[in-house]
Amino acid sequence: MATKATVINVDNYQELIGNGTPAILDFWATWCPHCKRIAPSYDKVAADYEGKLIVGKVDTDEDPAIAQKYDVEYLPTFVLLDGEGNVVDKVVAPANKAAIDEFIHNGLGI
């Protein structure tokens with residue numbers, strides 16, 4: 001089975017974020033059309049960066065506190081974090097996988 005983005009929620013956030021591995025978080029919602037459109041590309045990102053980057057998805061309706069922590073106002077918002085959990089950069093509604101790859105490379109150099 002192909003690698004997919006990890007669901008990040010209040011139960012596993014502390015365990016996964018800031019543990020020394022950089023991360024990218026996709027803040028999304030089930031009612032968001034662009035979120036649904038970019039999801040397959042994001043799952044490909046998860047496969048491509050497996051072992052190098054935590055590729056997570058946060059449902060803003062299920063876990064609004066995590067979205068508030070990162071001042072997420074629009075969906076989808078992608079937040080890039082260093083290994084300590086500090087925000088490196090944010091982007092709203094990237095067009096495609098290439099845009100996500102560029103965002104990761106520019107922020108983390110990987």
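The values are calculated or read from the model by the stated rules, or taken from the named source; none is laboratory data. If you're wondering where the values come from, they're calculated on a predicted model, not measured in any experiment. We place every Cβ from the backbone using ideal geometry, glycine too, and count neighbours over all the protein chains shown.
If we scan segment 78-91, do we find a residue that is of a type in the set (A, V, I, L, M), at pLDDT 95 or above and in contact with a Ser or Thr (Cβ under 7 Å, 6 or more places away or on another chain)? No, every residue in segment 78-91 fails to be of a type in the set (A, V, I, L, M), at pLDDT 95 or above and in contact with a Ser or Thr (Cβ under 7 Å, 6 or more places away or on another chain).
Entry remark, segment 14-40: residues being closer than 17 Å to L81 by Cβ and in contact with a Phe, Trp or Tyr (Cβ under 8 Å, 6 or more places away or on another chain) number 4 in total. Regarding I100, is this residue under 24 Å from G20 (Cβ atoms) and either in contact with a strand residue (DSSP E or B) (Cβ under 8 Å, 6 or more places away or on another chain) or among the aromatic types (F, W, Y) (or both)? For I100, the condition - under 24 Å from G20 (Cβ atoms) and either in contact with a strand residue (DSSP E or B) (Cβ under 8 Å, 6 or more places away or on another chain) or among the aromatic types (F, W, Y) (or both) - is met.
Counted as qualifying within segment 18-110 are no helices (runs of 4 or more DSSP H), as none has 1 or more residues that are without any contact (Cβ under 8 Å) to a residue 24 or more places away in the chain, surrounded by fewer than 21 Cβ atoms within 10 Å (Cβ to Cβ) and among the β-branched types (V, I, T).
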